[in-house]
Amino acid sequence: MKREIITIDNRLCSGCGDCIPGCPEGALQVIDGKARLISDLFCDGLGACLGHCPTGAMKIETREAESYDEKRVMHESIVPGGTNVIAAHLQHLADHGQNVFLEQALEYLQEQGIANPLKHESSEITAPPHSHSGHGGGCPGSRMMDFNEKGSRRASPSVGLESALCQWPIQLHLVSPQAPYYQSSELLLAADCTAFSVGDFHASFMRGKSLAIACPKLDSDMEIYVKKLTAMIDIAHLNTITVAIMEVPCCGGLMSIVTEALRNARCKVPVKKVVVGLQGEILSEEWV
C-alpha cells in the first residue's frame, strides 16, 4: 500500500543522531555513520524526527510501504524498551492527534496487563473520544478532532448558523490521510478564498463532507499536496472529490494538483469542479 513515510538523503545526513529521540517507535538507528530507517513497519509517517535534523536530510514521501501496525510495533519495539519508551510513544501519538493508533496502543497494554505509565490522578492519556475541550500537549493547530463524535459538537451561539465543519485540522499540509473522518467520505477540497466569497458556504458546500483547504498560489511544496491527495485517495478510499476554486487564473492550480494525484493513485474517484465568482456566484459546476 502507499502511505507517508520518512526518507533520508544519505548525502546530507551527518550521522549526528539528533533524530533518534524524536522516533520512539525505534524506526531510526545510526548505522555506519548515517541515520537509517530500519523498518517501514515501525515508521508512522508523522515526521516528529524532521524538526531534529540539522542538515535537512529527512523528508516525508508517499510510496509503497508495509502498513503501519501499532500493536506489532508495541510488541516488538516499544514495550521491550521499558516504561520510559512506552510513555514517550503514547505521548508522541497523543501530541500528533493519532487517536486511532493511541487507542490500539492502550488496548495492547490492557491486553498484556501493562499499566499506562502516563496515568496518574491529575492527568491521563486515554483512548478516544478525542480531546476538544483543551489542547493539552503538542501543537493545537494540528491536533486531530472529529466533531461528529458523540458529545463533541457544541451548540452554535447564533440561531440558524450552525457550523457544518466536521473535523480539525483542515489545511492540506496538516491533515492526515488516515484520519477516520476521511474514510469513504465525500471530500471537499476548497481554495482558501471560496469560503469568504460564498455567503452560505457551509450550507452550500460543506454539509456532509470532509474538508481540506489550500491555496495553489501562496502555499509552498505543491508536490507534497500531490502526494498527500494521492494517499488520501488510496488510503481513505474517498467516494468523491469536490474541488471548489475561484474564477481567478491562479486558482486553476488546485485542479492540476487533483489531476496529478489521480494519475498517481491506484483508485479512481469521481471529481466535481465548482468555479466561484468574485462575488460568490457559482459560475460553473461540472463533473470532470
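Just so it is clear, none of the values below were taken in a lab; they were calculated from the coordinates. For clarity, every value in this text was computed on a predicted model and none was experimentally measured. Backbone-built Cβ (ideal geometry, glycine too); neighbour counts: all protein chains shown.
Worth pointing out:
- Here Tyr108, Tyr225 are placed in order of increasing Cβ neighbour count within 10 Å, fewest first, which gives Tyr108, Tyr225.
- Bridgeable lysines around Lys119 (alpha carbons under 25 Å apart, same-chain partners fewer than 8 residues away excluded): Lys71, Lys150.
- Residue-normalised convex hull volume from the C-alpha trace of the range 32-84: 124 Å³ per residue.
- Built amide H within the under 5 Å cut-off of Ala35, gap 5+: Gly15
- Only beta bridges with both residues in the range 144-287 are counted; by DSSP, about 30 percent of them are antiparallel.
- For the range 2-64, the share of alpha carbon pairs falling in successive 10 Å distance bins from zero is 25, 60, 15 percent.
- Computed over the range 144-287, the alpha-carbon pair-distance distribution with 5 angstrom bins reads 2, 10, 20, 24, 21, 14, 7, 2, 0, each value a whole percent.
- With viscosity 1.002 mPa s and temperature 20 °C, the Kirkwood radius over alpha carbon pairs of the range 224-288 converts through Stokes-Einstein to a diffusion coefficient of 175 µm²/s.
- Per-selection Rg to Rh, the range 167-235 - Cα, Kirkwood hydrodynamic radius: 0.96
- Translational diffusion coefficient (Stokes-Einstein; Kirkwood radius from C-alpha pairs) of the range 70-111 at 25 °C, 0.890 mPa s, in µm²/s: 246 µm²/s
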